[in-house]
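One structure is given here, and the rest of the page talks about it.
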Amino acid sequence: MAGSALIVGASGIVGSAVADLLVAQGWPVAGLARNPVARTGVRPVAADLQEPEALRAALSDLRPTHLVLATWSRRATEAEMIAVNGAMARNVIAALEPAGSLRHVALVTGLKHYLGPFEAYGQGRLPETPFREEQGRLDVPNFYYAQEDAVFEAAARDGFRWSVHRPHTIIGKAVGNAMNMGTTLAVYATICQEAGRPFRFPGSAAQWNGLTDMTDARLLARHILWAGTSPQAADTAFNVVNGDVFRWSWMWGRIAAWFGLEPAPFDGTVRPLEEQMAGDAPVWAEIAARYGLAEPNLARLASAWHTDADLGRPIEVVTDMARSRRLGFLDYRATDEAFFDLFVRLRADRLIP
C-alpha cells in the first residue's frame with residue numbers, strides 16, 4: 001500500500017536510508033530538518049521542531065500518509081531530553097493534524113528502552129537477555145518513553161496507526177551523525193593504519209567475549225516500510241536487528257583485516273576511543289588533505305563517546321526478533337557484510353582513503 005511520507009531526520013543515519021528506500025519505491029517523500037540536506041527525490045522542508053507555529057506553517061501544504069520520526073535532540077540531563085524530545089514529537093504530529101492525512105506514524109527509538117538512559121546506562125536491575133518487546137519499561141525516566149507517549153496519545157486522538165522500532169547499534173552512512181559506530185571505527189582504523197598505531201578494541205571484556213547483535217540501517221528502513229504498510233504490524237513495538245549474533249573477539253579481527261591491519265591483543269583493559277582519539281583532529285585533517293577526502297573535520301565523522309557507550313557495556317546485549325518473524329518480516333543481514341558495505345560506500349564518497 002503506497003502512500004506519501006514525511007521523514008523527520010531525513011539526513012540522519014536512519015532517515016536517509018528510509019528516504020532512499022521510499023524514493024526507490026516511487027513514494028513522494030519530504031524531509032524535515034532545521035537545515036535540510038539536498039537528497040535526490042526528497043522535497044526539503046526547513047523547520048524547527050521546537051517552534052510549533054513556524055512548524056505548522058512549514059508543513060501547511062503537505063498531506064503525508066506516513067510520518068517517520070527518526071531524530072532526537074541531545075541535552076545535558078535526561079529531564080531536559082524528556083522535555084525537548086517529547087515536545088518535538090507532539091509538535092510535528094500536531095502540525096499535521098489539520099490535514100487529516102496521517103495513516104501511520106513510525107517512531108525510531110532503540111535498546112535504551114531496556115538498558116536505560118545515558119544517565120543510568122546499563123545500571124540497576126535490567127531485563128534478561130535476549131531483550132523482548134513484552135518486557136516493557138524500566139522504572140526510570142527515559143526520553144524514549146516520552147516520545148512513545150506522545151505518539152500513543154496522538155494516535156488515540158487522531159485515529160492513525162503506529163509502530164515503534166527499537167534497533168540495536170546502527171550501521172549506516174551519515175555525516176554529522178551523533179550515533180555512528182561504523183564510520184567511527186572506519187576513521188579509527190584509518191588513523192591506526194596511517195599513523196602506525198595499534199588497532200585496539202576500546203571496550204569491555206563483557207562485549208569482547210559475549211554475544212551481541214547490530215542493525216543495518218537499510219534493513220531498518222525495510223522494517224519501517226513493512227510495518228507501515230502491513231495491517232498485522234499496526235500498533236506494535238518491534239525490536240529490529242540483522243538476525244545474526246557475533247562476539248567482538250571475532251568481529252574486531254574481521255574489521256581489522258578489511259583495513260589490512262593486525263588487531264592488537266585484548267587484555268581486558270577498557271581503552272575508550274574518546275581517550276585514544278582525543279588528539280586526533282589534526283591527524284585526521286592531515287590524512288584528509290593527503291588523500292583529498294571530502295570531510296576533514298573529525299568531529300563530523302567520528303562519535304567516539306557513543307561507540308564507547310556501546311562497546312563499554314558491562315553486560316551481554318542480545319535482541320529477540322521473534323515478534324517480527326511471526327508477523328512476516330523475514331529479512332536478514334550478516335553484520336560483517338554490513339560493515340564492509342559501509343566501508344566501500346565511505347571510500348566511494350571519499351570519506352576514507
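The values are calculated or read from the model by the stated rules, or taken from the named source; none is laboratory data. In this text, all values refer to a predicted model and were calculated from it rather than measured experimentally. Cβ atoms come from the backbone with ideal geometry, glycine included; neighbour counts cover every protein chain shown. Side chains included, ligands, DNA and RNA excluded: accessible areas come from the protein's heavy atoms. Shrake-Rupley method; radii C 1.70, N 1.55, O 1.52, S 1.80 Å.
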If we ask which residues in region 309-335 are at pLDDT 95 or above, in contact with a helix residue (DSSP H, G or I) (Cβ under 7 Å, 6 or more places away or on another chain), closer than 29 Å to Leu126 by Cβ and open to solvent by 20 Å² or more (accessible area, probe 1.4 Å), their number turns out to be 4
Checked region 22-36 for anything open to solvent by 40 Å² or more (accessible area, probe 1.4 Å) and under 20 Å from Leu107 (Cβ atoms); matches are Arg34
Going residue by residue through region 282-302, is there one that turns out to be of a type in the set (D, E, K, R) and under 28 Å from Gly210 (Cβ atoms)? no
Filtered residues of region 246-277 (kept if open to solvent by less than 80 Å² (accessible area, probe 1.4 Å), part of a loop (DSSP other than H, G, I, E, B) and either touching a residue at least 60 places away in the same chain (Cβ under 8 Å) or farther than 24 Å from Ile315 by Cβ (or both)): Phe259, Gly260, Leu261, Ala264, Phe266, Gly268, Val270, Arg271, Pro272, Met277
Any residue that is of a type in the set (Phe, Trp, Tyr) and open to solvent by less than 30 Å² (accessible area, probe 1.4 Å) - is there at least one of those in region 116-123? no
Only one of (1) of a type outside the set (Phe, Trp, Tyr); (2) open to solvent by 20 Å² or more (accessible area, probe 1.4 Å); (3) touching a residue at least 24 places away in the same chain (Cβ under 8 Å) does not apply to Val68, and that is (2)
For Ala19, state whether it is under 20 Å from Leu220 (Cα atoms), part of a strand (DSSP E or B), aliphatic (A, V, I, L, M) and touching a strand residue (DSSP E or B) at 6+ places or on another chain (Cβ under 6 Å). no
Can you tell me which residue is least open to solvent (accessible area, probe 1.4 Å) among those in region 134-155 that are among the charged types (D, E, K, R) and assigned to a helix (DSSP H, G or I)? Glu148
Consider Ala299 against the criteria (1) among the small types (Gly, Ala, Ser); (2) modelled with pLDDT under 95; (3) not in a helix (DSSP H, G or I): it satisfies all of them except one. Which criterion is unmet? (3)
Are any residues in region 209-228 in a helix (DSSP H, G or I) and open to solvent by less than 40 Å² (accessible area, probe 1.4 Å), and if so, which ones? Ala217, Leu219, Leu220, Ala221, His223, Ile224, Leu225, Trp226, Ala227, Gly228
Taking region 157-185 on its own, how many of its residues are surrounded by fewer than 24 Cβ atoms within 10 Å (Cβ to Cβ), touching a residue at least 60 places away in the same chain (Cβ under 8 Å) and among the small types (Gly, Ala, Ser)? 4
Only one of Ala24, Ala5, Ala94 is among the small types (Gly, Ala, Ser), without any contact (Cβ under 8 Å) to a residue 60 or more places away in the chain and more than 30 Å from Pro130 (Cα to Cα); which? Ala24
Here are some conditions: (1) within 30 Å of Gln135 (Cβ to Cβ); (2) outside any helix (DSSP H, G or I); (3) charged (D, E, K, R). Arg323 meets all but one. Which one does it not meet? (2)
